[in-house]
């Protein structure tokens, strides 16, 4: 015991040194776990991003297909409208009188609308 008391400073230094080495080892262990958790988290985030990107591409393709179908239908309707317009222009061959705007029935309906709006 007397020998231990004589070298108490060195014993304290050795004890603190052993504790310091243990703390460094434990810190390195936790750092390894942290790096592993971070890599797993990054992999999960990348997988989610890839899934969202794939879903976005699929939706964009569907939207593009719908847009293309709409444009084709719209162009077909334009062709139909042009065809009808040309046929109507060919059918109308009677002269139009500009001095008579309404016939008697049309004038009566117009007057009834005017009365209904003013009340």
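The values are calculated or read from the model by the stated rules, or taken from the named source; none is laboratory data. Computed from a predicted model, the values in this text were never measured in an experiment. Ideal geometry is used to build each Cβ from the backbone, glycine not excepted, and the neighbour counts take in all protein chains shown.
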Here is a list: 96, 24, 11. Which entry is modelled with pLDDT of 95 or more and either out of contact with any helix residue (DSSP H, G or I) (no Cβ under 8 Å at 6 or more places or on another chain) or in a helix (DSSP H, G or I) (or both)? 24
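Conditions tested, residue by residue: (1) part of a helix (DSSP H, G or I); (2) modelled with pLDDT of 95 or more; (3) more than 24 Å from the chain's Cα centre (by Cα).
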site: 29; (1), (2), (3): yes, yes, yes
site: 36; (1), (2), (3): yes, yes, yes
site: 40; (1), (2), (3): yes, yes, yes
site: 45; (1), (2), (3): yes, yes, no
site: 50; (1), (2), (3): yes, yes, no
site: 56; (1), (2), (3): yes, yes, no
site: 59; (1), (2), (3): yes, yes, no
site: 70; (1), (2), (3): yes, no, no
site: 77; (1), (2), (3): yes, no, yes
